[in-house]
1. Would you mention how many residues in the range 4-23 are touching a residue at least 60 places away in the same chain (Cβ under 8 Å) and either among the aliphatic types (A, V, I, L, M) or assigned to a strand (DSSP E or B) (or both)?
2. Which residues, taken from the range 63-83, are open to solvent by 60 Å² or more (accessible area, probe 1.4 Å) and outside any strand (DSSP E or B)?
3. Going through R45, R19 one at a time, which residue ends up being within 19 Å of N101 (Cα to Cα) and under 14 Å from the mean Cα position of the chain (by Cα)?
4. Pull out all pairs, ordered by first then second residue, where Cβ-Cβ is under 6 Å, the residues are six or more apart or on different chains, the first lies in the range 100-113 and is open to solvent by 70 Å² or more (accessible area, probe 1.4 Å), and the second is assigned to a strand (DSSP E or B).
5. Which pairs do you get when a residue that is more than 12 Å from N73 (Cα to Cα), found in the range 24-50, comes within reach of a residue that is among the acidic types (D, E) and open to solvent by less than 20 Å² (accessible area, probe 1.4 Å), reach meaning Cβ atoms under 8 angstrom, with the pair 6+ apart or on two chains?
6. So is S31 at pLDDT below 95, open to solvent by 40 Å² or more (accessible area, probe 1.4 Å) and outside any loop (DSSP other than H, G, I, E, B) or not?
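The values are calculated or read from the model by the stated rules, or taken from the named source; none is laboratory data. Just so it is clear, the structure is predicted and the values come from calculations on it, not from any experiment. Virtual Cβ from ideal backbone geometry, glycine too; neighbours counted across all protein chains shown. The protein model used for the area step is the full one, side chains on, heavy atoms only, and it has no ligands, DNA or RNA in it. Shrake-Rupley method; radii C 1.70, N 1.55, O 1.52, S 1.80 Å.
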Amino acid sequence: QVQLVESGGGLVQPGGSLRLSCAASGTIFSSYVMAWYRQAPGKQRELVASMSTGGYSDYSDSVKGRFTISRDNAKNTVYLQMNSLKPEDTAVYYCRYNPGNYWGQGTQVTVSS
């Protein structure tokens, strides 16, 4: 079992920044992928960014150049630095751990003036 605890969401003005954190605990594999997804009201959940243990990262086109995923393997924690936020970034952001398809509880990000 793996438990994921997210933090860092909130309300921010357009153009602002937020940093999300997701800490994993429990039975952690030596090699795993952690990712951030988001789900806006009335829309499907979508992949935002992912990173492997080896540091390979991938981003959705909508956030490339604005968001940065990073991880601290010693702390089993993944971060999502979000810059130049737009109203369309408003969503609940979820952390996901694989193998095992574990999900965090989600953290709300609202971008509004």
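1. Of the residues in that region, 11 qualify.
2. Listed by number, the residues that qualify are K64, G65, N73, A74, K75.
3. Only one candidate passes the filter, namely R45.
4. These pairs meet every condition: W103/Y94; W103/R96; Q108/V92.
5. R38/D89
6. Judged against the criteria, S31 is not a match.
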